[in-house]
Amino acid sequence: MQLIACPWCGQREEIEFSYGGQAAVAYPADPASLSDEQWARFVFFRDNPKGPFAERWVHSAGCRRWFGAVRDTRTYEFLSVGPLSATTARPSVLPEATP
Amino acid sequence: MADTSMLVRHPLEARRTQLTELSAELDGVALELETPVAAVDLRLDPADPGPAAVADVAGGPLPAQPDTWTELVAGQALRLGPDEWLLTSTAARPEDWEFGLDEAAAEFGGTAVDVSAQRTTVRVRGASARRLLASGCAIDLRPASFPRGRCAQTLLGQAGVLLVAHGVDTRGDDDLQLFVRPSFAGYVVDWLVDAAQEFRRPT
Amino acid sequence: MSRIEGYGRIDRSRHVTVTVDGAAYTGHPGDSLASVLLAHDARPANTGVKLGRPRGIGASWTEDPTGLVQVEEPFPEPMLLATTLEATDGLVARGVNGQGRLSEIPDLARYDRLHTHGDVLVIGAGPAGLVAARTAARRGEDVVLVDDRPTAGGTLTGTETIDGRPSLEVVDEIVAELRASPNVTHLQRTTAFGHYDDGFVLALERRTSHTDDGGLARRSRQRVHRIRAGRIVVAAGAVERPIVLEDNDRPGIMLAASARDFLHRYGVLAGREVVVFTSDDAAYAAAVDLHDAGATVQVLDARPTAPAVWSRRCADRGIAVTANTHVHGTRGPDRITAALVGPERREVPCDLLLTSGGWNPTAHLFSHVGGRLAYDPSLGAFRPAAPRPGVEVIGAADGTFGLADILRRAGGAGGADDAPHADDEPRDPTAVLWRTEGDPARQFVDIQRDATVADIARAVGAGMTSVEHVKRYTTIGTAHDQGKTSGVIASGITAELLGLPVEDLGTTTFRPPYTPVAFAALAGRERGDLFDPVRTTPIHDWHVAAGAEFEDVGQWKRAGHYPHPGENMTDAVLRECAAVRTSVGIMDASTLGKIDVRGPDAAVLLDRLYTNMMSSLKVGRVRYGVMCGNDGMVFDDGTVLRLADDRFLVTTTTGNAAAVLDWMEEWLQTEWPELRVRLTSVTEQWSIVAVAGPRSRDVVGAVFADLDVSNGTFGFMTWQDTALDGVPVRVARISFSGELAFEVSVSAWYAAAVWARLLEAGRAHGITPYGTETMHVLRAEKGYPIIGQDTDGTVSPHDLGMAWAVSKKKPDFVGRRSFSRAQNQDPRRKQLVSLLPTDAATKLPEGSQIVRFADDGRLPAPPVPMLGHVTSSYHSAALDRPFALALVKGGRERIGEVVGVPVAGELVAALIGETVLVDPEGARRDG
């Protein structure tokens, strides 16, 4: 049972949280202008890196606030948590994953 | 013939006697249903001066720290989130409590919504109160980590609860308060009653 | 009798009687079931799982691969080790032939959990663990100390000297100090069985198994401690490693240290004529102690020379020591009568053969969290290779075997100078010996699994080069003991057969649990009524008193129908349906999700999340709305009440209440934080009572005298506020049945009273309480879908025939873009239609497939193309026949077509129709 540090409530067991997938996948400004394929990419496709990954989490059983996290997908370790705006940077600007 | 009187009763009123009788047979644990109180969910920018203005109406300062609570003149102010508080009143009628606080908060872009019936309260007292709760609650309940003035929204068993630490009295009796959704209250009390069997006095 | 006077920590003044395989045996408190049997020179009637060969007791604790018993009393439990069962009066067990048997009676005992937080958790109360715990406690840390045996001290026998005193005196002293420390939690009989992320350890405490009364009334029988500590100290000791030899599965073959444990812990001599076969020094202590207790002992040491100190001690006692000698096999009818020694296989008579090939550090709890183990050739075993943050491994678990060294290092990095002292013992290196020469098919590696060296050879011969594959092919290490004695040997022998160094091969991964854990203990309190929370409404007690049958909706108990005496569900539902269509019914709709949406941008948020326009809704009015995901598929539906310009009350389906609030919060917090909107769940704040039927106006009007309920003033899809005895009440004209209907909302505090008042007012009209079953029929007659029943996440509003609920004016909303995807435009998509079985008699089972109808009424030979499936199906009182809703490919184009539905082997013909079957012109909704 991993601990996750909610930026507001502090460390809690992982079952109190829900996963919100990859961070910084913005809702398209003008969906109507997208091709079917571009729209499908937004709806159905997400990155799946080996290493640090910027994600969204919500403290469902606690304060119910969404927050951003960078998590290493190899070890599950949370490298950082913070407000969404501060951690939604694309994974490409994160420290390089060591294979 | 069903009772048609508009009396406010604890959702588990029918079990009050059971809890009293059980508590008399327990060592260091007493379970009690609390009288329902008026409550609002306050959403407000935590930056000044909103909280201070609301505090005037609420009857006491709003807690500034995460997961803490303060006493109001006739109630409690519990911090639920960065911009969220639960404010209770033992004196006001729910609709008045909502109206007054909503008016105060509105000036600062805040809102107050009546949630008086959205939660109900169970009190757990006694020297073993924390140990009883630790059988279903994963957060660190050691007195140093969860002293009087702290509160936490977390899980007890599989039910969401708002756990509130009150003081330890001179006899060393601990005092904790559990806010729970009324629909889950039966489950939570069943759960507490089952867990409390450990604390039965030897006969 | 093999009980030796003057030995053991049992209470000889008292007696317990146990029964094994029908025979009664007397033991003492402090005994294990195994020690009672050995004291009587008995064993459980065990046989091996595959080959049926007799099996005895091979070790004294959890590492024993063979001594399994089926417990019958006090409660039936399969396959427990006789060595770990404490002998209590009335214990009844029998040997296990192959497999055990689960209980056929319910387990009435209580099982529970306890969360404990500490600065440090010490696993193991042997000398290393005790000193580490004491050091931490003296520093003022919150210490949790767990140990799996009934008493502290680990493998200390009492013969050792610590601080110039008998070792167990020092153990008692440390234990007393720990017990007196308020910051120490010390638990014996508690096995740390799993170690997980962030300092989290699960430990199983056996709380009543050593008491006679079973403690059923008060104490939980077993408790899973969920321990979270800043630092984990693994001081779990080590397990002796046997040497594999031909016919090594016989009763009377045991680990050397175990025989010593039986002697010193229980005062039991496991044999009178003892051969000790070893490649390690520690077995000499067993030889000496067993000799001193009265046995005839000789030692065969596989190493070229015997250790000098021990040779002298043996010589003093007349114990023969022969170096450079192997035992190659054993002989006996079942129990061993002779060891076969040397290449010439000389028969050496004995009734007990002890083997010792060195020690395997018990580093499982280090390995569980990814701690790397590496082969240490000086030990012939794997030990922790690199430190891991937050985890320390000390003592024998780290491969430190001398008591002096263990005590010296156990104080930790702090270098506690108060650590107790023991004199150094010279120690000759262990010789690594996995097996001796012999017939591989009779050399047992995993004795419980009946897996031999020949099985490993077969695995290697089949091309397997990984120990993980060999493990799965041979099943070595998969029994109750999880390969505590066999795992490393299997690696060693596999490496030998592959011609590789063991270092390169590694060992199999240790995974929790360290020892078997009963499912009941893992379930804890979460079984029976507490298995899953049961949520009830404020009117629940009334439903119970009225004899309702309940339907589970998520965690809610909802009244499904209220059968009268003699009625089955169909009868009751038909009666309740008829009452709503002809007079008036009343239903508890409190479980509907409710969200208070407030703020200047509330309408903007709802416009973006609902397919229809909400900003145009006027205050005082109600609108039905549909929500879709980004994929354009229906996710939820419900009504929206506009309470004020900046305030809406949104209702959701019962099952989706939390999901919809989460969905709205997610968009608001992560995508549109600039919107000034706040969401508050008021699901349990407001109870809703639905009053439906042509007489509902009379009933609502009678209870709320201030309310003008006339159609002109109180129109369909509007709401009004009123009060009852000063309590605010909101009444809305919303119908889920097509009938004139009202939804009465009141604070849940008053729900039961309002329900009672409405019932009272309705008595003159024969008001009928109806449940969710009836509600389902009424809504299906009107073609209203239930999200999650008629939809499954692949159904769009258009598929449901709800294009009318999809705004064409709004530039965008969640899901809109997906509607124009080619896949969503396909006319062959499944669409919601009604189905009327043409025989007007068959109720089509929900979930039935729909196929082309064949005139002969038979299902054609496969493959049969599927056209769709039945989503809802009921008997209708209004239509006086069964009907169904279904999702059918290109369904609306097929209206008027007859399709086939296979029911019990027959093809039932059904006519596809429009979804609205009752009152299609909507004449009834205004009463």
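The values are calculated or read from the model by the stated rules, or taken from the named source; none is laboratory data. Bear in mind the structure is a predicted one, so any value in this text is a computation, not a measurement. Using ideal geometry, Cβ is built from the backbone for each residue, glycine included, and neighbour counts are taken over all protein chains shown. These accessible areas exclude ligands, DNA and RNA; they are computed on the full protein's heavy atoms, side chains included. Shrake-Rupley method; radii C 1.70, N 1.55, O 1.52, S 1.80 Å.
At-a-glance table
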item: Residue satisfying all of: in the range A:49-68; closer than 26 Å to C:THR680 by Cβ and in a strand (DSSP E or B); nearest to the other protein chains (Cβ to nearest Cβ) among these; result: A:TRP66
item: Residues of the range C:511-535 classified as open to solvent by 40 Å² or more (accessible area, probe 1.4 Å) and assigned to a loop (DSSP other than H, G, I, E, B), total; result: 9
item: Filtered residue count, the range C:21-77, keeping only those that are among the aliphatic types (A, V, I, L, M), open to solvent by 10 Å² or more (accessible area, probe 1.4 Å), under 28 Å from C:ILE105 (Cβ atoms) and touching a residue at least 24 places away in the same chain (Cβ under 8 Å); result: 2
item: Scan of the range C:330-348 for residues that are in contact with a Ser or Thr (Cβ under 9 Å, 6 or more places away or on another chain) and either open to solvent by less than 80 Å² (accessible area, probe 1.4 Å) or in a loop (DSSP other than H, G, I, E, B) (or both), ordered by number; result: C:THR330, C:ILE336, C:THR337, C:ALA338, C:ALA339, C:LEU340, C:VAL341, C:GLY342
item: Residue in the range C:818-827 that is more than 14 Å from chain A (Cβ to nearest Cβ) and free of Cβ contacts under 8 Å to residues at least 60 places away in the same chain present; result: no
item: Residue in the range C:291-299 that is open to solvent by 10 Å² or more (accessible area, probe 1.4 Å), under 30 Å from C:ARG113 (Cα atoms) and either polar (S, T, N, Q) or in contact (Cβ under 8 Å) with a residue 24 or more places away in the chain (or both) present; result: no
item: Any hit, the range C:135-148, residues being surrounded by 22 or more Cβ atoms within 10 Å (Cβ to Cβ), part of a loop (DSSP other than H, G, I, E, B) and away from every other protein chain (no Cβ under 14 Å); result: yes
item: Answer residue from the range C:631-670, given it is within 14 Å of chain A (Cβ to nearest Cβ) and among the acidic types (Asp, Glu) and is least open to solvent (accessible area, probe 1.4 Å) among those; result: C:GLU665
item: Options B:ASP96, B:ASP169; residue that is open to solvent by 10 Å² or more (accessible area, probe 1.4 Å), free of Cβ contacts under 8 Å to residues at least 60 places away in the same chain, away from chain C (no Cβ under 12 Å) and not in a strand (DSSP E or B); result: B:ASP169
item: Filter pass, B:PRO147 being in contact with a strand residue (DSSP E or B) (Cβ under 9 Å, 6 or more places away or on another chain), more than 13 Å from chain C (Cβ to nearest Cβ) and either at pLDDT below 95 or not in a helix (DSSP H, G or I) (or both); result: yes
item: The range C:431-451 residues that are without any contact (Cβ under 8 Å) to a residue 40 or more places away in the chain, paired with ones that are of a type outside the set (Ser, Thr, Tyr) and assigned to a loop (DSSP other than H, G, I, E, B) (beta carbon under 8 Å, 6 or more apart); result: C:ALA451/C:ILE476
item: Residue count for the range C:894-927, restricted to those that are open to solvent by 50 Å² or more (accessible area, probe 1.4 Å), over 19 Å from C:THR791 (Cβ atoms) and at pLDDT 95 or above; result: 5
item: Matching entry among A:ARG71, A:ARG46 (being assigned to a strand (DSSP E or B), among the charged types (D, E, K, R) and either open to solvent by 40 Å² or more (accessible area, probe 1.4 Å) or in contact with a Pro (Cβ under 9 Å, 6 or more places away or on another chain) (or both)); result: A:ARG71
item: Residue within the range C:357-373 that is among the aliphatic types (A, V, I, L, M), part of a helix (DSSP H, G or I) and assigned by TED's automatic domain parsing to the domain that holds C:LEU121 present; result: yes
item: Qualifying residue in the range C:777-796 (condition: closer than 29 Å to C:THR639 by Cβ, over 43 Å from the mean Cα position of the chain (by Cα) and in contact (Cβ under 8 Å) with a residue 60 or more places away in the chain); result: yes
item: Identity of the residue in the range B:183-203, more than 7 Å from every other protein chain (Cβ to nearest Cβ) and part of a helix (DSSP H, G or I), that ends up surrounded by the fewest Cβ atoms within 10 Å (Cβ to Cβ); result: B:VAL193
item: Residue within the range B:58-80 that is hydroxyl-bearing (Ser, Thr, Tyr), surrounded by fewer than 22 Cβ atoms within 10 Å (Cβ to Cβ) and within 27 Å of A:LEU84 (Cβ to Cβ) present; result: yes
item: Matching option when the condition is more than 25 Å from B:LEU132 (Cβ to Cβ) and at pLDDT below 95, among C:ASP147, C:ASP197; result: C:ASP197
item: Matching strands (runs of 3 or more DSSP E) fully within the range B:1-80 where at least 3 residues are away from chain C (no Cβ under 14 Å) and closer than 28 Å to A:ALA61 by Cβ; result: B:30-33, B:69-72
item: Options A:ALA5, A:ALA32, A:ALA40: the member that is open to solvent by 30 Å² or more (accessible area, probe 1.4 Å) and closer than 22 Å to C:SER820 by Cα; result: A:ALA32
item: The range C:797-828: number of residues that are in contact with a strand residue (DSSP E or B) (Cβ under 7 Å, 6 or more places away or on another chain) and within 28 Å of C:GLU781 (Cβ to Cβ); result: 7
item: Criterion violated by B:PRO147 - all others in (1) surrounded by fewer than 22 Cβ atoms within 10 Å (Cβ to Cβ); (2) within 13 Å of the chain's Cα centre (by Cα) satisfied; result: (2)
item: Subset of the range A:10-27 (residues that are outside any strand (DSSP E or B) and either at pLDDT 95 or above or at the interface with chain C (Cβ under 8 Å from one of its Cβ atoms) (or both)); result: A:GLU14, A:ILE15, A:GLU16, A:PHE17, A:ALA26, A:TYR27
item: Out of C:THR151, C:THR157, sole residue that is part of a loop (DSSP other than H, G, I, E, B), open to solvent by 50 Å² or more (accessible area, probe 1.4 Å) and polar (S, T, N, Q); result: C:THR151
item: Among the candidates C:ALA702, C:ALA751, C:ALA723, C:ALA764, residue that is within 20 Å of C:THR537 (Cβ to Cβ) and more than 8 Å from chain B (Cβ to nearest Cβ); result: C:ALA751
item: Checklist (1) farther than 28 Å from B:LEU80 by Cβ; (2) open to solvent by 40 Å² or more (accessible area, probe 1.4 Å) applied to A:VAL81, failing item; result: (1)
